[in-house]
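Engineer: Before I ask anything, here is the structure I am working with.
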Amino acid sequence: MKAHFLDRGGPVSERFLAENGVLYAHLGTDAAAYRPALDRVKVDHGYVQEDVIALSPETPNLDAICAKFVDEHHHDEDEVRFVLEGEGIFDIRSNGDDWMRVVVEPGDLIVVPKDRHHRFLLTDRREIRCVRLFKDQSGWVPHYRAKRAAS
């Protein structure tokens, strides 16, 4: 995981993410190591559904899929991702409304809490495969934040 502030520059620590409600952990890439930890997260947080999503340059309508998540939004449920392959970018609003950019890579787990404004982008690799955890997939509909007027 690499994390920094977009607006003001400087690094963002795991501790600062946690203080802002964002759970981050590196669980490793070996299934024997990450599976028990991921299962513990499911139990501890009440996630009952799991699937795997993969995006790559070969994904039909990749740009249209990605366009749904590039605008600032939140969900009624946590957004939970464990990266198996590739990488992605989560821009997440801090408690002070600053943008925190978190780049996740294989072995990284991130939980963006429900109601936290964020956006998701692919890196230049345009490839990610990750496990998604849900309490209820219906709560994962994006609610877009009104665009701010330019000053």
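Engineer: Assigning unit charges at the beta carbon (Lys, Arg +1; Asp, Glu -1) and nothing else, what dipole magnitude in debye, to the nearest 20, does the chain show about its Cα centre? Can you show the working numbers first?
Structural biologist: Values: 21 positive and 27 negative charges, 55 e Å.
The dipole of the chain has a size of about 260 debye.
Engineer: So, one more: Largest first, please: the extent of the C-alpha atoms of the range 67-151 along each principal axis, to the nearest Å.
Structural biologist: Taking max minus min along each principal axis of the Cα atoms, the range 67-151 gives 39, 31, 24 Å.
Engineer: Sticking with this one: Carbon and sulfur: what percent of the range 42-83's accessible surface (1.4 Å probe)?
Structural biologist: Accessible surface attributable to carbon and sulfur in the range 42-83 totals 53 percent.
Engineer: For the chain, what is the number of Lys pairs with C-alpha distance below 19 angstrom, counting only pairs 8 or more positions apart or on separate chains? Please report the intermediate quantities before stating the final value.
Structural biologist: Details: Lys42/Lys114; Lys42/Lys135; Lys68/Lys114; Lys68/Lys147; Lys114/Lys135.
Close lysine pairs found across the chain: 5.
Engineer: Shape call for the range 107-147 from the C-alpha gyration tensor, a ≥ b ≥ c root eigenvalues: rounded (a/c under 1.5), prolate (a/b greater than b/c) or oblate?
Structural biologist: oblate
Engineer: Keeping every protein chain present and rolling a 1.4 Å probe, give me the accessible area per residue for the range 25-127 in Å².
Structural biologist: In whole numbers, the range 25-127 has 47 Å² accessible per residue.
Engineer: Also: If a/c stays under 1.5 just call it rounded; otherwise compare a/b with b/c (prolate if a/b is bigger, oblate if not). Do that for the range 1-126, with a ≥ b ≥ c from the square roots of the Cα gyration tensor eigenvalues.
Structural biologist: Rounded, because the longest to shortest axis ratio a/c is under 1.5.
Engineer: Ordered by packing density, taken as the mean number of other Cβ atoms within 10 Å over each peptide's residues, highest first, how do 122-130, 23-31 rank?
Structural biologist: My ranking of the peptides, most packed first, is 122-130, 23-31.
The values are calculated or read from the model by the stated rules, or taken from the named source; none is laboratory data. Being a predicted model, the structure only gives us computed values, none of them experimental. Quick reminder, even Gly has a Cβ in these numbers, built from the backbone with ideal geometry, and neighbours come from all protein chains shown. SASA here: full protein model, heavy atoms, side chains in, ligands and nucleic acids out. Shrake-Rupley method; radii C 1.70, N 1.55, O 1.52, S 1.80 Å.
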